[in-house]
Amino acid sequence: MEMNYTEKLKETFSGRNIKAYVHSFGCQLNVSDGEKIKGILKEIGFSFTDNPENAGIIILNTCAVRESAEERVFGIIGSMKKLKSENPDLIIGVSGCMTAQEKNLERIKKSYPQVDIVLGTSAINSLPRLIYEHIQNKRLAYDISEYADFSCSAEQVRESSFKASVPIMFGCNNFCTYCIVPYVRGRERSRNADDIINEVTELVNNGYKEIMLLGQNVNSYGKDLENGLTFPQLLRELNKIQGDFIIRFMSSHPKDATKELLDTILECDKVAKHLHLPVQSGNNNILKAMNRNYTVEKYLETVNYLRSHDSGFSLTTDIIVGFPNETDEEFQDTIKLIKQVEYDNIYSFIYSRRNGTKASTIDDKTPEESKSQRMRELLEVQREISDRHYKRFIGKTMRVLADGKSKKHEGFLTGKSNEFIIAEFKGDESLIGQFVNIRVTDSMNWAVTGEII
Ligand code: SF4
């Protein structure tokens with residue numbers, strides 16, 4: 001019979017009041033994994049600390065999207081050698097996307113003896129066993145195998161009491177040439193629809209107001225399931241759940257933005273009228289070199305379809321500037337595209353060479369200064385667009401989920417509208433976690449301001 005490692009560890013740690021420090025780097029999916037890791041540690045009996053110096057167990061939940069991110073984590077692991085020498089019983093673990101690369105496991109084995117546990121992205125449930133094995137054998141315990149079943153039995157320790165991230169799938173089959181994710185998160189695996197619907201129902205019944213469905217490419221949800229629901233069908237099922245809440249999701253891949261999906265977004269009252277649709281470039285040659293599998297024309301068809309049904313529909317996107325050997329003309333196509341689409345916001349990045357990706361083998365002749373100049377131009381153009389575009393809300397009523405105190409305006413709260421627009425307004429902290437209606441009185445290029453009505 002399989003040993004119950006959690007029960008064993010409860011005996012080991014009970015009454016010792018040991019605190020755990022869990023830090024997640026990178027995307028929301030990784031943060032959600034970090035919440036699961038906390039759930040497992042809580043079940044063993046650990047409480048939590050925000051200070052690694054007060055911890056008896058430390059888990060660094062890593063991101064591998066950029067090489068600099070990895071080097072930063074190795075720097076942090078290096079600095080923890082001192083903590084380990086001061087407290088030899090301290091357990092140090094590394095989880096997340098960095099662990100999916102064999103080379104990192106070898107590097108940890110060779111150069112970081114202070115690390116006791118290495119936990120793969122889909123091996124989270126192995127944590128109790130690895131802690132137990134490390135304590136028994138006094139050596140590195142690791143599991144970086146790929147598991148199909150990634151449901152976590154322990155209750156997630158969520159960061160928020162009213163906004164919840166709900167992963168619906170893991171992995172990616174798209175192999176964009178600049179991206180390491182398919183190599184560290186594996187092939188697309190969708191969660192069972194009933195598990196997702198039950199989880200969201202429970203969250204809504206527990207008062208959650210915003211559900212963020214997560215996946216590297218949520219639009220292809222269900223394609224790997226036999227007789228499974230498609231993503232639009234899953235959204236329609238979630239939309240039937242009783243309660244006052246909003247459904248958001250990311251990330252979407254434009255090649256899978258079907259008419260059925262767009263109609264579902266437009267027709268379902270709980271689904272936000274906002275779509276984050278990463279375009280990356282406005283030039284077809286670059287899109288081809290990125291292996292994005294759509295054209296600018298196809299992308300604009302999607303945009304025009306949404307806007308023809310809802311002129312105020314909010315769109316945001318990701319843009320990569322300076323993909324290897326991108327010419328000025330090709331970059332100007334990106335500028336032309338953002339002027340055409342008029343995004344409410346863009347998330348832009350200068351291309352970052354990532355070892356292990358196809359694009360990293362390209363001999364890139366584009367000077368870094370040109371890339372920085374293009375980024376400056378892109379941000380300038382988008383600032384002007386957002387400044388003008390946000391004015392459309394002035395005088396309008398906006399429903400906002402108050403999610404915290406404003407960092408910019410004393411006595412103000414901040415939150416996001418259905419359109420994913422940041423709104424700042426005067427209000428009492430007791431409103432945090434509630435929907436409020438505001439009348440928009442002014443706008444900036446990053447947010448609107450208003451008053452509660
Ligand atoms: S869709 Fe492309 S960019 Fe997004 S995770 Fe997959 S490979 Fe990476």
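Laboratory data are not the source of any read-out in this text; all were calculated from the coordinates shown. Only a predicted model underlies this, so the values are computations on that prediction, with no experimental measurement involved. For neighbour counting, all protein chains shown are included, and Cβ atoms are generated from backbone atoms with ideal geometry for every residue, glycine included.
The reciprocal of the average 1/r between distinct C-alpha atoms defines the Kirkwood hydrodynamic radius, which for the stretch 188-236 equals 11.5 Å. Here the peptides 360-371, 419-430 are ranked by packing, the mean other Cβ count within 10 Å, and the order with the highest first is 419-430, 360-371. Share of pairwise Cα-Cα distances greater than 19 Å in the stretch 397-453 is 11 percent (whole percent). All Cα-Cα separations within the stretch 13-148 were binned at 5 Å from zero, giving a P(r) of 2, 11, 22, 27, 23, 12, 3, 1, 0, each value a whole percent of the pairs.
The three principal axes of the Cα atoms in the stretch 286-432 give end-to-end lengths of 56, 35, 27 Å, sorted in falling order.
The aspartates and glutamates within cross-link reach of LYS38, meaning a Cα-to-Cα straight distance under 17 Å and a gap of 8 or more places when in the same chain, are GLU7, ASP50, GLU155, GLU159.
The residue among ASN174, GLY312, LEU41 whose Cα reaches farthest toward the positive pole of the charge dipole of the chain, with charges on the beta-carbon of Lys, Arg, Asp and Glu, is LEU41. Projected onto their three principal axes, the Cα atoms of the stretch 2-62 cover extents of 34, 31, 12 Å, largest first. Helix content alone sets the calculated 222 nm mean residue ellipticity of the chain: runs of n ≥ 4 DSSP H residues at -39500 (n - 2.57) each, divided across all residues, give -10500 deg cm²/dmol.
A straight line joining the Cα centroids of the stretch 6-36 and the stretch 315-366 runs 38 Å.
Within the straight-line cut-off of under 24 Å between alpha carbons, the lysines reachable from LYS298 are LYS223, LYS255, LYS259, LYS273, LYS288, LYS336, LYS339, sequence neighbours fewer than 8 places apart in one chain being disregarded. Calculated from the alpha-carbon coordinates, the stretch 68-211 shows an Rg and a Dmax of 17.5, 49 Å respectively. For the stretch 128-248, the average shadow cast by the Cα convex hull is 9.5 nm², which is a quarter of the hull's surface. Partners of LYS110 within straight-line reach, counting lysines whose Cα lies under 25 Å from its Cα and excluding those fewer than 8 residues away in the same chain: LYS81, LYS82, LYS84, LYS138.
Its alpha carbons give the stretch 218-344 an Rg and a Dmax of 15.8, 52 Å. Measuring between their Cα centroids, the stretch 61-77 and the stretch 399-453 lie 34 Å from each other. Compactness of the stretch 335-406, taken as the C-alpha radius of gyration over 2.2 N^0.38 Å, stands at 1.58.
For the chain, the Cβ-based charge dipole about the Cα centre amounts to some 580 debye (Lys, Arg positive; Asp, Glu negative; other atoms uncharged).
Determine the relative contact order of the stretch 268-382: mean sequence separation of Cα pairs under 8 Å and six or more apart, normalised by residue count, in whole percent. Normalised by residue count, the contact order of the stretch 268-382 is 30 percent. Considering only LEU337, PHE393, SER352, and ranking their Cα positions along the charge dipole of the stretch 316-407 that arises from unit charges at the beta-carbon of Lys, Arg, Asp and Glu, the one farthest toward the positive end is PHE393. With the gyration tensor restricted to C-alpha atoms of the chain, the semi-axes of the equivalent ellipsoid amount to 37, 28, 22 Å, longest first.
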